[in-house]
Amino acid sequence: MNIAANPVVQAEQTVYLKDYEKPSFSVDSVHLDIQVYTDQTKVNSSLVMKRQNVGDLVLLGRDLELISLTLNGTRLSAADYQLDSEQLIINNAPDDVILNIEVIIHPESNTQLEGLYQAGSDLFVTQNEPEGFRKITFYPDRPDVLSVFTTRVEADTQFPVLLANGNLIEAGEAGTGRHYKIWQDPTKKPAYLFACVVGDLAVLKDQYVTSEGRHVALEIYAVEKDIPKCHIAMQALKHSMRWDEEHYGRAYDLDNYMIVATSAFNMGAMENKGLNIFNTSCVLADEEFTTDAAIMRVQSVIAHEYFHNWTGNRITCRDWFQLCLKEGLTVFRDQSFSEDLQSAAVQRIDDVAVLKGHQFPEDSGPLSHPPRPDHFVEINNFYTATVYEKGAEINRMMATLLGKEKFRQGTDEYFKRHDGQAVTVEDWVAALTAGSGVDLSKFLIWYNQPGTPKLEAQGEYNAEQQTCRLNFKQFLKAHPKYPNLQAVPIPVALALFNSETGEQYSLQCAALFENAVKDGLYLFDQDEASIEFSGITAKPVVSLLRNFSAPVNLDFNYSDEELAFLIQYETNGFNQWQAAQTLLERILLNGHEAHVYIAAIKNTLPQLVEKDPLLASRLFDVPNEGYLGSRIDQDYSPVTIQEQRNALLNTLARELGSFCKDTYLALDPLMQTEFSQAMGVRALKNIMLNMLARQGNTLAFDLAEEQYITTGNMSERLGALKVLVWNDAPQAQAVLADFYDRFKDEALALDQWFMVQASHPKATAATIEYLTSHPDYDLGTPNRIRAVSGGLNANPVNTWGFGVQHFIDLAKYLDKKNPIVGARLLQALSRWYTLAEPQRTEVKNALEALTTEVSSKNVVETLKSMLGI
Ligand code: BES
Ligand code: ZN
């Protein structure tokens with residue numbers, strides 16, 4: 001049957017939320033027998049099924065060789081079922097069914113890294129979310145079918161590690177040179193949480209006792225030489241387990257928790273029940289090989305996957321449209337966890353930077369969709385910044401509004417009502433509402449609409465009456481597919497500061513939520529409204545959206561001096577940073593003077609470096625070219641942005657003068673006892689080194705070289721390497737060669753070697769050609785591809801120059817080999833329509849030409865959305 005050729009079937013490939021129907025059969029239990037051989041894998045399954053609803057018995061399956069099918073003991077023949085490339089339908093199935101299915105699959109040639117696949121010579125792993133299980137065997141592969149899994153895994157004894165979810169119940173020999181293990185997972189789960197691993201790996205072991213007294217064996221599996229790099233992850237795991245008990249009352253529910261590290265992984269990590277599978281980049285961490293930022297990421301990803309045990313696994317999604325139910329909530333939870341690990345303000349800054357740098361652009365362009373989409377062709381394309389980051393923000397808004405205690409009452413109610421179920425976003429909001437006693441139903445609007453709202457605010461001070469009035473309006477950009485946009489509830493956290501003394505006013509205003517005294521919270525949920533404060537004795541400086549209390553674009557008519565005031569006097573670190581960002585954006589995009597900003601940071605820095613060096617370093621965050629470009633909706637010229645940004649950086653370097661050298665020399669990360677503080681000092685030193693190099697001071701190169709040679713810390717080594725390479729210092733080639741020699745056997749560090757060169761501002765097509773034809777380049781390892789292509793994309797001038805062909809060629813290649821990654825990387829070109837001519841038409845033509853050369857649902861859907869067709 002030729003599906004693609006039939007336009008009707010093509011149209012039917014779109015799945016709609018409104019068409020959801022309950023499954024026709026439940027699976028009460030499933031036994032799997034997975035026998036891995038070098039040239040094939042045999043999968044035998046036995047499913048005990050019961051009718052729940054009208055409709056056919058439908059099993060989904062892809063790329064499977066069906067060997068036999070037996071229903072209630074009778075072998076079925078081709079006349080008893082319909083089989084196509086996507087599904088197996090059994091006609092007239094009785095209400096009680098025991099199905100035995102035998103299939104053969106080929107993990108050894110699976111390059112898509114979905115289903116069961118070979119991940120290097122000594123390892124086989126699974127990745128089943130969202131729809132990978134159907135590549136292992138025929139199954140009702142949908143998240144609302146929950147079952148108890150028993151898994152027998154068999155392989156050659158050269159693979160000593162045989163893992164699956166749950167408890168080990170049996171092990172033994174299986175003929176010459178082969179052995180098996182049987183695992184049973186007592187918790188009902190959907191197939192996307194199934195995992196199994198076959199391989200030759202070493203293990204780091206530890207244990208944890210839960211608040212309920214359960215002894216849990218903790219195991220992290222990795223190749224032998226990486227075991228010493230698993231300790232940070234292990235600590236983070238134990239920390240996460242405690243954190244979830246303390247903050248959400250959630251204890252772990254099995255006797256073991258296993259994590260397996262592999263470099264062959266499309267994403268960051270996966271929360272399979274009791275058997276997480278991680279990209280090495282999200283589990284291995286060691287100061288010598290790993291940057292500070294990457295160490296922080298490891299800890300947050302460990303927490304994220306652990307937190308899914310309750311938000312995702314114990315309570316899962318009814319269907320994939322509800323993806324943000326588990327991802328948005330779990331990201332919010334891991335963000336909160338990370339706020340406890342480092343400067344909370346900086347964690348918030350980093351999270352908002354991702355939101356504004358990725359989600360806002362996505363939501364203002366052709367790939368815009370609601371956090372809960374209502375249709376898709378390929379669900380893998382919807383693991384987006386909108387689902388994840390905006391989804392997290394919706395939860396954060398509700399949590400902010402409720403406050404700690406009521407939010408906890410709400411989440412308690414959610415776990416009480418829905419443990420063991422597959423639910424929807426409505427169920428989540430209803431449980432929060434019932435548990436807290438606060439009606440949150442209006443927040444559902446956020447889930448169902450696309451676009452970033454604009455919040456326009458205005459302040460009016462009346463000196464005579466000592467009042468300050470704030471007027472709010474919200475605007476939503478019209479969207480052709482969503483004609484009835486409604487006003488959303490926007491929690492506005494705010495403060496007023498006395499412009500003469502710098503002190504924060506106590507707020508008196510009946511309209512504030514919760515009668516907060518100092519930290520005011522106003523819930524703005526109409527198209528337009530005003531509030532008034534009394535007792536404002538001198539002209540106030542208004543600080544809005546403190547801690548970024550809502551994911552909106554704020555438009556408030558600050559003067560540059562007011563922004564400088566906030567850099568110095570705001571007590572909310574996030575808003576200090578936001579003020580600096582707003583000011584820098586004005587200097588960059590609107591030609592404002594830089595000296596107001598420079599004076600403000602010079603005043604602020606000395607105390608801040610003492611208190612929170614990491615936050616201090618963030619005050620120098622000059623928005624990157626990609627972000628600046630994303631703020632421009634038409635006639636975007638990457639070259640102009642680059643010139644403007646370089647001009648600003650040169651001005652800053654010049655005006656900061658000897659401050660850079662003095663600060664660099666005065667700071668020593670070894671003087672810090674806390675990791676987070678030391679990380680701040682390292683960040684600040686690297687910034688100063690960069691500025692020094694920009695001053696044209698060759699001393700900078702000597703200092704960088706010395707830093708490179710003497711340090712044992714990757715943030716310092718890489719920071720120095722970048723300064724030397726990106727400035728074409730005389731030492732550049734020597735340190736690059738040294739870096740390669742040191743780390744050629746450390747894949748993740750070697751990724752950095754590729755990245756530094758690919759992200760050279762003056763990289764050319766030849767640079768990329770050199771890197772991609774290097775013997776260590778590997779199109780089978782997504783991390784390596786991302787190192788080069790992601791590096792290239794750090795410079796929009798390059799992306800929109802020689803990069804266009806690079807991304808198109810890559811999409812063409814990955815369309816066949818690994819379409820999930822192909823579709824993602826192609827998005828580097830999604831803002832083509834904002835470019836100035838003739839670039840705009842050139843890129844458009846190239847993308848249009850690509851449409852005839854790709855065939856995967858992933859790449860086709862992404863490409864069509866990008867082109868608006
Ligand atoms: N459930 C996802 C993993 C996943 C992503 C499976 C896409 C299938 C398709 C996992 O919990 C996750 O969200 N991982 C993130 C990292 C996390 C810290 C946000 C990832 O892999 O990027
Ligand atoms: Zn997740």
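The values are calculated or read from the model by the stated rules, or taken from the named source; none is laboratory data. Keep in mind it's a predicted model, so treat the numbers as computed, not measured. All Cβ positions, glycine included, derive from the backbone under ideal geometry; neighbour counts span all protein chains shown. Side chains are part of the model used for accessible areas, which takes the heavy atoms of the whole protein and leaves out ligands, DNA and RNA. Shrake-Rupley method; radii C 1.70, N 1.55, O 1.52, S 1.80 Å.
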Cα gyration tensor shape for the chain, rounded if a/c is under 1.5, else prolate or oblate: prolate
query: Helix 747-758: angle to the longest alpha-carbon principal axis of the chain, degrees 0 to 90, nearest 10?
result: 50
- prompt: Which one of 373, 422, 346 has its Cα pushed farthest toward the positive end of the charge dipole of region 337-441, where Lys and Arg give +1 and Asp and Glu give -1 at the Cβ?
  reply: 346
statement: Pairs over 26 Å Cα to Cα, from 18/442; 238/817; 273/326; 356/812; 205/416, come to 238/817; 356/812; 205/416
Karplus (6.51, -1.76, 1.60) ³J(HN,Hα), θ = phi - 60°, over region 367-377, in Hz, Gly and Pro reported as x: 8, 4, 7, x, x, 10, x, 10, 7, 7, 9
task: Determine the relative contact order of the chain: mean sequence separation of Cα pairs under 8 Å and six or more apart, normalised by residue count, in whole percent.
output: 8
message: If DNA, RNA and ligands are ignored and the probe is 1.4 Å, what is the ranking of 332, 513 by accessible area, most exposed first?
response: 513, 332
- prompt: What order, most packed first, do the peptides 744-752, 344-352 have when packing is the mean number of other Cβ atoms within 10 Å of each residue?
  reply: 344-352, 744-752
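Roughly how big is region 15-89's charge dipole about its Cα centre, with Cβ charges of +1 (Lys, Arg) and -1 (Asp, Glu), in debye to the nearest 20?
So the dipole magnitude of region 15-89 works out to roughly 300 debye.
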statement: Carbon and sulfur atoms account, in whole percent of the 1.4 Å probe accessible area of region 702-782, for 53
query: Could the peptides 129-139, 83-93, 214-224, 609-619 be put in order, highest first, of the mean number of other beta-carbon atoms found within 10 Å of their residues?
result: 129-139, 609-619, 214-224, 83-93
- prompt: Residue-wise, which Karplus ³J(HN,Hα) couplings in Hz belong to region 115-130, taking 6.51 cos²θ - 1.76 cosθ + 1.60, θ = phi - 60°, and x for glycine or proline?
  reply: x, 9, 9, 7, 10, x, 5, 10, 8, 10, 9, 10, 9, 10, 7, x
- prompt: Normalised by the number of residues in region 454-550, what is the relative contact order in percent for Cα pairs under 8 Å and 6+ residues apart?
  reply: 37
message: Let me check something: with ligands and nucleic acids excluded, how do 287, 769, 173 order by accessible area (1.4 Å probe), largest to smallest?
response: 173, 769, 287
field: Solvent-accessible ranking of 188, 273, 22, largest area first, probe 1.4 Å
entry: 22, 188, 273
- prompt: Just how far, in whole angstrom, is region 131-153 from region 825-869 if you go by their alpha carbon centroids?
  reply: 35
query: Near the amide H of residue 87, under 5 Å away, which other amide H atoms are found, from residues 5 or more places off or on another chain, if H is placed in the peptide plane?
result: 61
- prompt: At 222 nm, what helix-only mean residue ellipticity would the chain give, in deg cm²/dmol to the nearest 500, using -39500 (n - 2.57) for each DSSP H run of four or more?
  reply: -12000 deg cm²/dmol
query: Taking amide H positions as placed 1.01 Å from N in the peptide plane, with prolines and chain starts having none, which residues 5 or more places from residue 505, or on another chain, fall under 5 Å of its amide H?
result: 496, 497, 498
Table column - 3J(HN,Hα) (Hz), region 675-682, Karplus curve with 6.51, -1.76, 1.60, x for Gly and Pro: 4, 4, 5, 4, 4, x, 5, 4
statement: For region 226-321, averaging the sequence separation of alpha carbon pairs under 8 Å that lie six or more residues apart and dividing by its residue count, the contact order in percent is 31
statement: Taking protein heavy atoms only, a 1.4 Å probe, and rounding to whole percent, the accessible area of region 1-200 owed to carbon and sulfur comes out at 49
message: Can you say what percent of the DSSP beta bridges in the chain, counting only those with both residues inside, are antiparallel? Round to 5.
response: 80
message: If I ignore ligands, DNA and RNA and count only protein heavy atoms, how much of residue 378 is accessible to a 1.4 Å probe, in Å² to the nearest 10?
response: 10
- prompt: Taking only Cα atoms, what is the 0 to 90° angle, nearest 10, from helix 231-248's long axis to the longest principal axis of the chain?
  reply: 90
- request: Please give the peptides 815-822, 636-643 ranked by average Cβ packing (other Cβ atoms within 10 Å per residue), highest first, as a rough proxy for protection.
  value: 815-822, 636-643
message: Along its three principal axes, how long is region 695-792 when you only count alpha carbons? Whole Å, largest extent first please.
response: 41, 28, 18
- request: Working from Cα positions, state the angle (0 to 90°, nearest 10) between the long axis of helix 714-726 and the longest principal axis of the chain.
  value: 70
task: Could you check what % of the DSSP bridge pairs in region 159-304 are antiparallel, to the nearest 5?
output: 65
